[in-house]
Amino acid sequence: MVGKRQYRHPGPGAIEFASTYTNGLTRKAAHSIVVSLLKDELPDQDDKRVKRCDFCGYPYRDTTRPNNSKTCSKECKTERDTLKRRQKQADKRLLQPRKKTKREQYYVSWLEYPFWLNEYEMLKQSWKRENPYENDKVERIKAAQLRTDRLNGKKKPKITTPYNSKDGEKQQKVRVKFETDKQAREPGEVIAYHLSAEEMRSYYEEKYSEWERYLVRLRALEQKKFSRSKKGIRG
Ligand SMILES: [Zn+2]
């Protein structure tokens, strides 16, 4: 056997083998037996079935029929295979290191002010992580954050402006909706029409029925009455 041997935590097979010699003995007596066991000084050392475990390093008795096991137990076999696989992978990594990405190659990211070593790669790579917004978009995001903070995280309330309101009369609701940046576009051209009284009359006659015109007229008179009476109170 080899002089320097590496021992690991003994596997179940090795423990079972040792216990066949030390069962029922005191700790002291068992100790000397285990020492001689490790020195291969046992009476049945010529037994072809007594071997050293490939993983834990302790002697064990091979119970497989063809007598071809290398480890004392299933556990030791798993551990040994894992270790072998890891060593193989480590060797592979050492011999064939992973190719560096362009970012790793050209981006000095570990400094306080990171920079690129190559402008072409910077333009090609950085947009993926550092996609800049336009200025007004940044402002809109900032404003939305401020608004959320002021409302304590509540949803933006609907803004309802009273329009043409009178006490007791049903209010016409005007909802003011701010356009999102997607909808925002140039305002339309303002077109002014100059109509004579005659033209205006024919226009309204064409557009509204007689009944509708009557109602509007009535309402206008009401308004007039209202404002006059208000003036009267003040004056
Ligand atoms: Zn073992």
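The numbers here are math on the coordinates, done by the rules we state, and not lab data. The structure presented is a predicted model; accordingly, all values stated were derived computationally and were not measured. All Cβ positions, glycine included, derive from the backbone under ideal geometry; neighbour counts span all protein chains shown.
Here r is the Cβ-Cβ distance between LYS92 and HIS9 and R0 is 41 Å; the resulting FRET efficiency, rounded to 0.05, is 0.90. In plain terms, the residue of HIS9, HIS194 with the fewest other Cβ atoms within 10 Å comes first and the most crowded comes last, giving HIS194, HIS9.
Among the chymotrypsin sites (Phe, Trp or Tyr not before Pro) in region 186-220, those placed in a DSSP loop whose Cβ has at most 14 other Cβ atoms within 10 Å are TYR193, TYR208. By the beta-carbon count within 10 Å of each Cβ, the least crowded to most crowded order of PHE55, PHE17, fewest first, is PHE17, PHE55. Modelled this way, with points 7 Å down the Cα-to-C-beta line, the labels at TYR214 and ARG85 are 9.4 nm from one another.
Qualifying chymotrypsin sites (Phe, Trp or Tyr not before Pro) in region 99-160, where qualification requires a DSSP coil assignment and no more than 13 other C-beta atoms within 10 Å, comprise TRP110, TYR133. The calculated FRET efficiency for LYS154 paired with GLN223, based on their beta-carbon distance and R0 = 30 Å, is about 0.20. Simple spin-label estimate for GLN105 and SER196 gives 8.3 nm between the two label positions (7 Å along the Cα-to-Cβ direction from each Cα).
Between LYS39 and TYR204, the contour length at 0.36 nm per residue exceeds the alpha carbon distance by 47.5 nm.
Loop-only check: which GluC sites (Glu not before Pro) in region 57-150 are DSSP coil with at most 14 other Cβ within 10 angstrom?
Here the sparse-neighbourhood loop sites are GLU112, GLU130, GLU134.
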